[in-house]
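Working notes, structure below.
Each reported figure results from applying straightforward, stated rules to the coordinates on display, with no laboratory input. In this text, all values refer to a predicted model and were calculated from it rather than measured experimentally. All Cβ positions, even for glycine, are placed from backbone atoms using ideal geometry, and neighbour counts span all protein chains on display.
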Amino acid sequence: MENALTYLPIVETDRDRLFDLHKVSLGPHIEQLFGWQDDYQRQLFNQQFTVNHGDWILLDQRRVGMVNYQIRSDYLYLERIEIYPGFQRQGYGSQVIGDIIAQADEKGLPVELQVFKINPAIALYKRLGFAQIGETDFHVQLRRSPKSQ
């Protein structure tokens with residue numbers, strides 16, 4: 001039986017904690033691809049991240065990660081999902097993505113995202129019905145079409 005996850009809106013005062021999560025969850029991939037320079041990564045994170053589209057992912061009131069997405073005019077864009085390493089590979093990411101897929105399906109929208117080419121989460125996205133629609137030097141772009149209503 002799956003553990004029920006809940007969501008708590010992210011607020012501006014969470015920014016440092018969010019960066020710490022970013023560093024431990026995606027930092028190893030960033031380090032491998034580009035090298036990690038803490039000050040530069042913090043600056044980039046602060047430029048790219050907006051709190052008004054994000055939620056903490058909670059399990060029994062404990063933060064296990066965060067998710068950030070936007071409903072755009074003709075698709076739902078999953079900007080980022082980051083899970084603390086101690087909670088990875090336990091199905092929590094699948095549950096969160098499943099919630100997002102259900103919301104998109106209800107609206108008849110596809111879900112799009114991009115992920116580092118070296119990120120093993122690509123297998124998870126493909127298992128959940130995402131297909132590659134493009135790529136950059138460092139990312140794979142994926143899309144999941146909505147289920148027929």
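Structure summary
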| quantity | calculated |
| --- | --- |
| Yes/no for residue 57 being closer than 21 Å to residue 139 by Cβ, buried (at least 18 other Cβ atoms within 10 Å of the Cβ) and among the hydrophobic types (A, V, I, L, M, F, W, C) | no |
| Filter result for residue 94 (over 15 Å from the mean Cα position of the chain (by Cα) and either more than 20 Å from residue 14 (Cα to Cα) or assigned to a strand (DSSP E or B) (or both)) | no |
| Some residue of the range 87-101 being surrounded by fewer than 16 Cβ atoms within 10 Å (Cβ to Cβ), over 16 Å from residue 3 (Cα atoms) and without any contact (Cβ under 8 Å) to a residue 24 or more places away in the chain | no |
| Filter result for residue 41 (assigned to a strand (DSSP E or B), within 22 Å of residue 140 (Cα to Cα) and either without any contact (Cβ under 8 Å) to a residue 40 or more places away in the chain or more than 14 Å from the chain's Cα centre (by Cα) (or both)) | no |
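Every residue, every condition in (1) part of a helix (DSSP H, G or I); (2) of a type in the set (S, T, N, Q); (3) more than 29 Å from residue 17 (Cβ to Cβ); (4) under 14 Å from the mean Cα position of the chain (by Cα), yes or no:
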{"residue": "64", "(1), (2), (3), (4)": "no, no, no, yes"}
{"residue": "69", "(1), (2), (3), (4)": "no, no, no, yes"}
{"residue": "79", "(1), (2), (3), (4)": "no, no, no, yes"}
{"residue": "104", "(1), (2), (3), (4)": "yes, no, no, no"}
{"residue": "109", "(1), (2), (3), (4)": "no, no, yes, no"}
{"residue": "118", "(1), (2), (3), (4)": "no, no, no, no"}
{"residue": "129", "(1), (2), (3), (4)": "no, no, yes, no"}
{"residue": "132", "(1), (2), (3), (4)": "no, yes, yes, no"}
{"residue": "146", "(1), (2), (3), (4)": "no, no, yes, no"}
